[in-house]
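Below is one structure, written out as structure tokens; comments come after it.
The values are calculated or read from the model by the stated rules, or taken from the named source; none is laboratory data. From a predicted model like this one, the values you see are computed outputs, not experimental measurements. With ideal geometry, Cβ positions are generated from the backbone for all residues, glycine too; neighbour counts draw on all protein chains shown.
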Amino acid sequence: MAFARLVEIVDRLRAPDGCPWDRKQTVDSMAPHLVEEAHEAVEAIETKQDGATAEELGDLLMVVALIAKIAEEGGRFDLSVAGRAVCDKLIRRHPHVFGEVRVDGAEQVLANWEAIKKEERQGKEEDASALAGVPPNLPALHRAARMCGKAVSAGFRWSDVSGAVLKLDEERRELAEALAASGLDRDAKAPATRDQRAEVEHELGDVLLASAFLAQYLDIDPERACRASARRFEGRFRSMEGALGRPMKDLSLVELVAAWERAKREHDGR
């Protein structure tokens, strides 16, 4: 079995005569690699590269196996403990599959899932808020979407998408007011006070948060949407760079805008 072979390889790497780099690692030092490999897997999935996706998921499995092996050597836990824990959790949180509970659709499944998680936290005397369980170190848009989902499941929601749209419009107006009050709407280098700049940052953050909440109402992953936009921007920008033939600083704004529009048409194929 491939996974058993992976575990054997990780064991060999951590052996006294194994790899110096792998032997040097700790659970803490491997944590950033876990995040990095997860992001690389997401990139491969979103760009629809099946070969790369399989490879990146394999890298992710390797990091998980290595972290578990390091923890096992320290007498903390091992891969079997992690495996049993997730199996028990999946069975406990899917009573509509492994029990007698009946559900009408995915939304009810999610609501039941959050209710079960809340009961688990109460049993452990942990944070019982409806927003509990959202990791604080998630990317900001991802964390905002997760919080919105939990808030909505708890009953804190608008009746339809238009409420989320109106909230975004409200936050954009407040940002425009803060920019106007500071003079930054006319000149990004205006001598605004620290408080004025803090207010602009505050309102811009609210716009981003409201955008993430709107995305959640539309069943859109805001992180994925933003990554896709960033990829489009990068492609268009590189296309524009290649076509200009001279430094951008030597061109007027009118010339740059025209070059950008040409790059958009060429890159997007329309």
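One table, with the values for the structure above:
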{"quantity": "Test: residue in segment 105-123 that is at pLDDT 85 or above and under 18 Å from Asp206 (Cβ atoms)", "calculated": "no"}
{"quantity": "Residue within segment 107-115 that is exposed (fewer than 12 other Cβ atoms within 10 Å of the Cβ), charged (D, E, K, R), within 28 Å of the chain's Cα centre (by Cα) and not assigned by TED's automatic domain parsing to the domain that holds Ser211 present", "calculated": "yes"}
{"quantity": "Unique residue being within 30 Å of Asp219 (Cα to Cα), at pLDDT below 90 and of a type in the set (Asp, Glu) when the list is Glu55, Glu126, Glu40", "calculated": "Glu126"}
{"quantity": "Which numbered condition Leu184 misses (of (1) modelled with pLDDT of 90 or more; (2) in a helix (DSSP H, G or I))", "calculated": "(2)"}
{"quantity": "Residue satisfying all of: in segment 9-52; surrounded by 11 or more Cβ atoms within 10 Å (Cβ to Cβ) and among the acidic types (Asp, Glu); nearest to Asn137 (Cα to Cα) among these", "calculated": "Glu36"}
{"quantity": "Flag if Ala230 is under 30 Å from Gly149 (Cα atoms) and surrounded by fewer than 17 Cβ atoms within 10 Å (Cβ to Cβ)", "calculated": "yes"}
{"quantity": "Subset of segment 148-170 that is small (Gly, Ala, Ser) and free of Cβ contacts under 8 Å to residues at least 60 places away in the same chain - its residue that is farthest from Val134 (Cα to Cα)", "calculated": "Ser162"}
{"quantity": "Residue check for Phe77: assigned by TED's automatic domain parsing to the domain that holds Ala212 and outside any helix (DSSP H, G or I)", "calculated": "no"}
{"quantity": "Residue within segment 135-145 that is in a loop (DSSP other than H, G, I, E, B) and in contact with an Asp or Glu (Cβ under 8 Å, 6 or more places away or on another chain) present", "calculated": "yes"}
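Okay, residues lined up against (1) exposed (fewer than 12 other Cβ atoms within 10 Å of the Cβ); (2) in the same structural domain as Gly149 (by TED's automatic domain parsing); (3) under 27 Å from Leu138 (Cβ atoms):
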| position | (1), (2), (3) |
| --- | --- |
| Glu177 | no, yes, no |
| Arg186 | yes, yes, no |
| Ala192 | no, yes, no |
| Ala198 | no, yes, yes |
| Ala210 | no, yes, yes |
| Gly245 | yes, no, no |
